[in-house]
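Please read the structure below before turning to the comments.
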Amino acid sequence: LNYAGDLNRITDSEVFDPKRVKFVWHDLRAPISETTDKLIGKLDYCVHFAAESHVDKSLEDSIPFVMSNVVGTANLLEYFKHYQPECKVLIFSTDEVFGSAPEGVFFKESDSFKPSNPYAASKAGEEMIAYSFAHAFKLPISIVRSMNIIGERQHPEKFLPKTIKAISNNQKVILHGRSKNDMASRCWIHARNVADALLFLLDRAERGEFYHIIGEERTVLEVGDWICEVLKKRKLKDDEIEFVEDPVERPGYDKRYALSGEKLAKMGWHPPVDLEKSLKKTVKWTLEHPQWNL
C-alpha cells in the first residue's frame, strides 16, 4: 500500500465478492510474525506480486526497490520456510532482468541477466533469493516472468492510462523513440491473460523452474495509434506526438524487451484474448469509469 496501492481495487464489486476476499495487512520489509500467520491461516498457494516497479523512481532512489523487492521477498520466503513449507509459491518477476533485447532475439528462461536499472536489478535479486530457497530448503517455489501488463484500473503513471488521458485531453503523447521509424518496442499483455497463465501454472510449475508469460510485441507508436483509433477514430497525427530519445534523455531504459514463450506454449498454454481486443476493451472501460484515470 504505497503511493500506487489502492484498497478500492479489492472492494470494487465488479471485480471481487467481499465474501470471498480476506485482507490481511503486512509490510513485507519486516518479518511475518506468528500473530500475522494466524490471521493468514493455512495456505495452499501464494502468488507473490508485491513490488516497487517504476523505473524512473528506481533511478532517483534505489533503496525502496531493494527493500521491497529483495528484502521483502526474503522475509516472505523465510515465513514459508518456518510456517508453511508445503505452500506452492509463484514469484512474479519481469522481462527487464535481461536488459535490452536485440532485434530478433527473444530471451529464454535460462539466459543471463543484464539489468539496466536498479528496478530490474532488484527483481533479478528477488529471483535469485527465490531460486536459492527452492534448492536449499526444497520449497515448492517457481519464478514467473512477464512483460508490459495492461488492464483496467491501472495506475495513471503507466503508459496505457497516461496515453489515454493525454489523447482525451488533447495533450501531446510522449513516446520513447527518435522518430516513427525508430521506436521503442515492448511485448504487451492484458492482466486477464496473465491471470489465466498463473492459474495454469499453479499445479504444473516445477520447483526451481522459470516460466515466461508472453504477450504480443508492438511499438509504443502502434499502441498509441490503437488508443487514438478508439478515442478519435483515427491514428495519432505527427503534431500530437513528442519523442523522447534513448539513451541520452532516458538513461536506464532499454529500447526493446522480448521473451520467448516457447516453454509455456509447449506445456499447452496460449493467451485466451488477443492484444488488440484486450487493449480496446481497456480503453473503452477507462472512458466509462473516469474516476480511475481521467
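The values are calculated or read from the model by the stated rules, or taken from the named source; none is laboratory data. Small disclaimer: the values here were computed from a predicted structure and weren't measured. Quick reminder, even Gly has a Cβ in these numbers, built from the backbone with ideal geometry, and neighbours come from all protein chains shown. With ligands, DNA and RNA removed, areas are computed over all heavy atoms of the protein, side chains included. Shrake-Rupley method; radii C 1.70, N 1.55, O 1.52, S 1.80 Å.
The residues of the range 71-104 that are among the polar types (S, T, N, Q) and open to solvent by less than 20 Å² (accessible area, probe 1.4 Å), listed by number, are Thr73, Gln84, Ser93, Thr94. Restricting attention to the range 140-194, the residues being among the aliphatic types (A, V, I, L, M), touching an Asp or Glu at 6+ places or on another chain (Cβ under 9 Å) and modelled with pLDDT of 90 or more number 9. Among the residues examined, Val230 does not qualify as surrounded by 19 or more Cβ atoms within 10 Å (Cβ to Cβ) and at pLDDT 90 or above. Selection within the range 144-184: residues that are assigned to a strand (DSSP E or B) and of a type in the set (Lys, Arg). The member of this set that is nearest to Asp95 (Cα to Cα) is Arg145. Tallying residues that are assigned to a loop (DSSP other than H, G, I, E, B), open to solvent by 100 Å² or more (accessible area, probe 1.4 Å) and farther than 30 Å from His289 by Cα within the range 11-37 yields 1.
The residues of the range 38-78 that are in a helix (DSSP H, G or I) and of a type in the set (Ser, Thr, Tyr), listed by number, are Ser58, Ser68, Thr73. The sole residue among His135, His82 that is free of Cβ contacts under 8 Å to residues at least 60 places away in the same chain and either closer than 27 Å to Ile63 by Cα or in a helix (DSSP H, G or I) (or both) is His82. For the range 54-70, the set of residues classified as of a type outside the set (D, E, K, R), out of contact with any Ser or Thr (no Cβ under 7 Å at 6 or more places or on another chain) and open to solvent by 50 Å² or more (accessible area, probe 1.4 Å) consists of Leu59, Ile63, Met67, listed by residue number.
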